[in-house]
1. Being over 23 Å from ASP588 (Cα atoms) and buried (at least 21 other Cβ atoms within 10 Å of the Cβ), is that true of even one residue in the range 294-302?
2. Of the residues VAL375, VAL403, which is of a type in the set (Val, Ile, Thr), crowded, with 18+ Cβ neighbours inside 10 Å and part of a loop (DSSP other than H, G, I, E, B)?
3. Could you tell me whether SER583 is under 30 Å from ARG700 (Cβ atoms), among the small types (Gly, Ala, Ser) and either buried (at least 16 other Cβ atoms within 10 Å of the Cβ) or in the same structural domain as ASP512 (by TED's automatic domain parsing) (or both)?
4. Residue check: is ALA68 over 30 Å from the mean Cα position of the chain (by Cα), in a helix (DSSP H, G or I) and either under 29 Å from ASN346 (Cα atoms) or at pLDDT 65 or above (or both)?
5. Which condition breaks for GLU613 when tested against (1) within 26 Å of GLU299 (Cβ to Cβ); (2) touching a Pro at 6+ places or on another chain (Cβ under 8 Å); (3) buried (at least 21 other Cβ atoms within 10 Å of the Cβ)?
6. Hey, VAL430 hits all of (1) crowded, with 19+ Cβ neighbours inside 10 Å; (2) within 30 Å of ILE458 (Cβ to Cβ) but one; which does it fall short on?
7. When residues of the range 343-358 are filtered for being closer than 16 Å to ALA623 by Cβ and touching a Gly at 6+ places or on another chain (Cβ under 9 Å), how many remain?
8. Given GLU671, GLU613, GLU638, which one is under 36 Å from the mean Cα position of the chain (by Cα), of a type outside the set (Gly, Ala, Ser) and not assigned by TED's automatic domain parsing to the domain that holds ALA557?
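The values are calculated or read from the model by the stated rules, or taken from the named source; none is laboratory data. Model, not experiment: these values are computed from the prediction. When we count neighbours, we look across all protein chains shown, and the Cβ atoms used for this are built from the backbone with ideal geometry, even at glycine.
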Amino acid sequence: MDERIDGRWGWARWLIGGALGLALLAGGLALWRLASDAAAFFAPILAACGIGCHALAPRLDAQSWAVAARALRVAGGGAIGLAVVAALSLGALLPPPVAEWVSPALGRFGGPLALGLVALAAAFPAARGRVEGRGGALDLATLCGVGAAWVWAQTARQISFPTPPTTTETLLPRLQLLLGLASALGLGALVLAVLGRRCNGGRQGWPGAWCLRWGVVAAMLGLVIGLALRAAIAPWFALPLALGLGLALVGQRGRGPRAALLTVGCGVGWLVLVTLALALLYGATSEDLEVVFLRNTVEGRALDFWRGAFGDERTITRPSGALAGTVRDTAGRPIGGASVVVADANGRAFSATSAPDGRYALAGVPRGNYLPLAVGPDHRQGGRAGLAGRVATVRAGRTAGSVDFRLAPRPAYDPATNDTLQLGAQTELVIEGLATGTTLRRPFTFANRGKTLDGGLIHEPPTDLGSGPFPILLIIYPGEAASWEGVSAPLAARGFVVVSYFPRRLLDLDGDMDDLRLLLNLTAAERLSARGDGGRVALAGGSVSTVYTYLLARDLAGSPRAPRVRAAVQYGGLFDLYAFRRSWEEGDVIIDPGISQLEYLLVAFGRPDTRPEFYLRLSPRYALGPASLPPTLLVHAEQDIIVPPAQSRLAADGLARAAIPHRLLLYPELEHYLDIGKRDPAQLDMLEQTVAFLREWSERR
C-alpha cells in the first residue's frame, strides 16, 4: 500500500522537495539583494542555502519522503555548484546580464570566512554520507581545503597586480614544496602500510590510502610542471611517483595480476582527474601574470561574442547610486586629498576626493558591482578594507556606506647605486635634416636584480660647446633608444647630456621601475658623463613610456634627491589609462599594425571593472599632489592616433588643480614628435620650445 502511495504521489513529493530547496535559495538571494553592499557574500549565501538543503533532507527521509529528500539534495547541490561558480568568477564567461547575477563578486572571494563557508558547503554532502566511503569524504575535504587556501592566497595577491612574469626561478619554491609533500606523503604511506601488515592483518587503513593518493597527485603535478619548465628538479618527482605506484600494486597483490593492474589503473585515472581539477583551479584563480592575461583574454573574447549576439549592454542607461566612507592610513589617521575611484567595463571612471577628515562621498555611480580603489599622493593604492570584502554594490537611489580604505605609506626613495655600469667607446654622430650639427654618442650597459640591461645611449654636446657641466636629460623611450636618435641627438647638440633608455623587462613593471631608479641615481651621481651636472636633471618620455616618467617622478617626490630633478617633458603622454581604454573601446584610438601588441595587451590587462589595480596605477591624474611632479612641459601632436590629445588636456587640468607649474603645447597638423628629418617647421618649433623650457627650469636656483 505504501509503495503504491509513493508511486502515485512521488512526483508531488519531488515537487515539494524541490520547491522547498528553491524556497531556501530564493530566500537567500532575497536576503542578499536586500543588503546594500553584500556582493562579496553572494557565494557564501548560496553555500549556506546548499548546507540548509542537505541538513533538512534527513528529516524528510525520517518521514518516509525519500523522493522529496532527493529533490532537496538536488536543489542543495545546485546551490553549492552555483556558489563555486560564483566564488571562482566563472560567470564572467556568460552574457553580461547573467554574469551580473552569477559573478557579482568580480573575482574577489569575500575573504577567508566566505571561502571557508564555500569549502564547507562543498564538503557537507560528504559529511552527511553522500560520498561513498570514508576515504572519498576525506579526499573531497582535502580538495576543498587546498582550494580554499589557494584561492585566499591568490586573492591577497590581487591588490598588487601586476605581479612580475612567472619564471622557472619564481616557480622553483612551489616545485620544492610539491616535492617535499610528495616525498613526505609517500613515506607516510609506506610507514602506515608496514604498520598495517603488522597490526591490521595486512589491510591498508584509510589514512595510509589517503597519504598514498595525495602523494601520487603531488608527484604527478610536480613532474608535469617541472618537465614543462625543463627544471632540473623534475626527475626527482619520479621517485615518490614510483614509490606510490609500487605501494598501490603491492596493496593489490592478493587479487591477481590482472585485477591488480585494473584496480591500480582505475585509481591512476581517478588521480589524473583530481590533477586536472587542481589544474583548472589554478587556471581559474591564479594571479600569476601569464595566467591572468590568458584568463582576461578568454573573458574578453567571450564578452565580444555575447555583445555581438545579444547587443551591447553598455548602451543601456542605468539608474545611479552613491558610495561613501573614509580613507585612513594603516595607523588609523585620516587622509585628505586621496582619490577614490570606481570604473565600469569600458573604462568610464567615477572618482571623489577625500576631505581633511578622510571622509568622501562618490555620487552618480550607475547601479552595479564595483571594485573601488583609493590612492593618495603620499600613499600606495589600496582596496576596500573590512570583512565585507573588496566589492561594493551600488543600488539605485541608495548610498552604500562604510566603503572604507586603509592605505599604506609610499616607501622612501632608495638612492643606492652599484658598480655594474659599463661605458662603450665614444663616436661622433652627424645630425642631418632641419637641425644640423654633431654630437658625441656612447652606448652603456648596467645590471640590476640579476639581469644585464643593454641598449642605453649617451649623447653629449659637441666639444666646441665646452666641457660643461651641462644639464642632463634622462629620456625613457617606448622603443629601442637607437631608433630614437633623431630626438636625442638634436637635444644634445643644443647643450644637454642626453641619457636614453628603453625598459627591458616589459611586463615586469616593478622590475622596470627599480631599474629606472638605479639609472636615475647613476645619472644624478654623474657616473654616465663627466660633462653632466647631476644637480640639474630633467625627465622625459614619449607616448606610452610617459607612465614611467610619471611613476619615477612620483617615487622621487619628497625625497632628498627630488630637488635634483628640475623639470619633465611628456611627448604625447598617457595620463589616464581608464580614459585611454574608453577611447579604445569607442574606436577613437587606432593602433597601428606595427604595434599590434598594444591592442593585445589592452585585452590581456582585463576590464577596468574587474582588474582596476593596473589601470589606477597607470593613471597619474588620481595620485597628484603639489609635489608629485616637477615643472612639466606637455607636448601633443593632435594627429596622434595612438594616444589621443585629450590625454594631455587631462594632464594640464590635473597639474593646474595640483598647482604644479606646467605648459601645454598642441600641434594640430603633426602626428609624430621631434622628427627633425622631415624638415617641418612645426617640428623645429617643438625642439626650440623644449629647449627653452628645459633651460628655464634647469637654470633656476
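1. Within the range 294-302 (the criterion being over 23 Å from ASP588 (Cα atoms) and buried (at least 21 other Cβ atoms within 10 Å of the Cβ)), the answer is yes, since at least one residue qualifies.
2. VAL403
3. no
4. yes
5. (3)
6. Unmet condition: (1).
7. Qualifying residue count for the region: 2.
8. Exactly one of GLU671, GLU613, GLU638 is under 36 Å from the mean Cα position of the chain (by Cα), of a type outside the set (Gly, Ala, Ser) and not assigned by TED's automatic domain parsing to the domain that holds ALA557, namely GLU613.
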